[in-house]
1. Using the Karplus equation 6.51 cos²θ - 1.76 cosθ + 1.60 (θ = phi - 60°), what ³J(HN,Hα) coupling, rounded to whole Hz, does each residue of region 86-98 give in order, writing x for Gly and Pro?
2. Let's see if you can work this out: charge +1 on each Lys and Arg Cβ, -1 on each Asp and Glu Cβ, no other charges. What is the dipole magnitude of the chain about its Cα centre, in debye to the nearest 20?
3. Just name one of Leu137, Met257, Leu279: the one whose Cα is farthest towards the positive end of the charge dipole of the chain (beta-carbon charges, Lys/Arg +1, Asp/Glu -1).
4. Report the full-extension gain for the segment Val231 to Asp506: residue separation times 0.36 nm, less the Cα-Cα distance, to one decimal in nm.
5. Compare the peptides 422-430, 207-215 by average per-residue count of other Cβ atoms within 10 angstrom and give them in order, highest first.
6. Report, to the nearest 10°, how far helix 299-323 tilts away from the longest principal axis of the Cα atoms in the chain, using its own Cα long axis and a range of 0 to 90°.
7. Quick one: helix 66-77 against the long Cα principal axis of the chain, what's the angle to the nearest 10°, folded into 0 to 90?
8. Amide H of Arg523: which non-local residues (sequence gap of 5 or more, or other chain) have their own amide H closer than 5 Å, using H built in the peptide plane?
Amino acid sequence: METEPHMADLLLGGFVMLGAALVMVLVFRRFGIGAVLGYLIAGILVGPQGFQLISNAETILEFSEIGIILLLFIVGLELAPARLMRMRQAIFGLGFSQVVLCGIALFLLIMATTNFTLAASIAIGLPLALSSTAQVLPMLQSSGRMNTPTGEKAFSILLFQDLSIIPLLTIIAALSRAPQEDGGQSGWLTALYAVVAIGGLILVGKYLLQPLLKVIGRIAERELFIVAGLVAVLGSAALMEFIGLSPALGAFVAGVMLANSPYRHELEADIDPFRSLLLGFFFLAVGMMLDLDVVFENTAFVVGAAFALVAVKIAIIFGLGKLFGMDTNPALAMGMLLSQGGEFGFVLFSEAEKALLIEPEASSLFGAVITISMATTPFLMLLARRFSSARNKVEADLDDPGKADRASVIIVGQGRFGQTVSQMLLAAKIPLTLIDIKPEQIDVHQQYGAKVFYGDGTRVDLLRRAGAHDADAIVFCMDDQDFGPERVREIVQSFPETKIFVRVYDRRQLIALKGLGVVGMKREVFESAIHLAKQTMYAIDIDDRLIDEVDEEFRQRDCDRLEAQIKSGGDMFAGAELRFGNDLPKQS
């Protein structure tokens with residue numbers, strides 16, 4: 001049977017794009033620059049402006065935007081509602097200030113340096129205030145900085161930028177010179193629909209999706225987790241798209257409503273490969289759509305505008321970071337990280353073009369400005385890392401764990417918990433290698449004469465340099481409830497002869513890591529809470545024998561509850577009848 005021509009073209013196109021991406025990303029990774037620039041260059045080479053191997057960049061871009069949707073879903077999985085509430089000041093304070101100040105500054109710059117009209121300058125300047133979620137979040141995740149203070153503030157800004165698309169579209173619609181379409185929807189009505197839609201998604205997540213995941217967990221069919229995750233993501237995104245909002249916002253809400261689910265690690269592991277591939281296609285398509293003729297005809301303007309965009313955003317975001325209490329180095333790094341234009345700029349320029357506010361040539365011109373600004377980010381972050389490393393070495397003696405003498409036990413994390421563990425082992429004369437990622441923590445230990453090595457001790461390559469192959473045990477003592485199955489599984493598989501111990505945040509994290517080959521896990525406040533309860537009973541003259549009986553029975557019941565929760569696939573209500581107090585009369 002002969003293959004259909006369009007199928008042959010599709011297969012050949014996929015081969016060409018992925019092949020070019022593979023080569024360019026390997027080259028750029030080799031020089032420590034990052035994958036995004038590799039994808040952009042690969043897109044330029046195979047696209048209409050390069051060797052003309054691929055022509056349908058717009059179709060690829062539309063399809064690959066699903067990668068951004070999946071990215072926001074995975075980010076939402078890491079942000080439980082309680083944590084999101086804790087970040088509200090950064091989202092609506094820092095995020096709002098960044099969008100407003102950068103938008104006004106860039107609007108004024110365009111007005112002062114070009115002959116664009118007032119409306120056109122607004123339609124171009126405000127979208128340039130947005131940064132690239134698709135570029136920045138993978139950088140934060142791959143470097144392990146997503147849950148750091150700097151990472152949280154950067155994410156807060158990106159989240160508010162996504163929310164700001166609603167008012168930006170409303171502004172463009174208000175300035176429009178195009179004939180009014182019948183049945184057009186007002187910005188206020190869109191905002192109302194957004195509130196109703198988000199509330200509906202939360203209810204669906206709580207009363208439909210969570211129970212569905214419990215059923216799937218009992219069936220233990222992995223592909224059903226993938227299907228359920230994609231249904232939740234695409235359904236939420238489609239709803240937001242239908243009411244005229246960013247589909248990525250819907251996916252983010254879907255992620256947040258599943259953030260407390262015991263299955264979130266499974267969902268993240270299953271969805272992440274789709275996210276990575278589609279984001280790669282997204283940046284390939286952006287590179288393919290870069291109009292090189294426009295760039296070459298206006299080289300000085302495009303390059304100058306791109307660097308002006310980057311400089312203005314670095315200056316403003318750095319200033320806001322300092323204003324919101326950040327140190328100089330992290331504030332500068334955040335400014336560099338968010339200095340580029342964003343993918344939603346292309347969408348807003350297209351809307352401005354439809355509204356007859358700007359000409360197609362202007363849309364292409366500033367699309368090129370955004371693309372070039374994206375290309376500068378990997379270089380800026382390379383510079384930021386080197387600058388940060390130089391500054392940190394002045395403040396503290398940050399030696400690589402590869403310099404450590406071989407020890408019997410490696411302890412990762414030297415906060416209060418890790419210090420207690422290391423002191424106990426030192427009392428037994430056990431040789432230790434201590435690792436921490438916080439320079440200020442290392443500096444404190446140096447004042448006491450203790451040697452702590454610098455680095456992310458959850459990375460396999462760093463543990464290997466520290467001698468994990470020869471160690472008897474690795475003890476993870478850091479306060480990190482996101483230390484999940486993927487990283488633990490990789491560490492256990494990399495060092496099969498080394499015993500692994502983990503401090504876990506709560507029983508959810510313990511259940512997630514169960515069965516992965518970890519020798520011992522201890523909930524961080526479990527023993528201290530038991531001891532405090534016993535001290536209380538001693539102080540109020542409860543019989544010593546009763547206290548010991550209570551201690552023993554509580555531990556047994558807790559163990560039985562944990563076993564029931566593990567067997568149920570992480571259902572936190574399993575074994576609820578074992579909790580004390582169930583037999584007490586209910587208060588009216």
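1. 5, 8, 4, 5, 5, 5, 8, x, 5, x, 4, 4, 5
2. Details: 47 positive and 62 negative charges, 252 e Å.
In debye, rounded to 20, the chain gives about 1200.
3. Towards the positive end, the residue furthest out is Leu137.
4. Numbers: separation 275, 0.36 × 275 = 99.00 nm, distance 2.90 nm.
Net length gain for the segment: 96.1 nm.
5. Answer by packing, highest mean first, reads 207-215, 422-430.
6. Tilt of helix 299-323: around 30 degrees.
7. Helix 66-77 sits roughly 30 degrees off the main axis of the chain.
8. Result for Arg523 returns Val504.
The values are calculated or read from the model by the stated rules, or taken from the named source; none is laboratory data. Note that the structure is predicted; figures quoted are calculated from it, not measured. FYI the Cβ positions are ideal-geometry reconstructions off the backbone, even for glycines, and counts take in every protein chain you see. Ligands, DNA and RNA are excluded from the accessible area calculation, which covers all protein heavy atoms including side chains. Shrake-Rupley method; radii C 1.70, N 1.55, O 1.52, S 1.80 Å.
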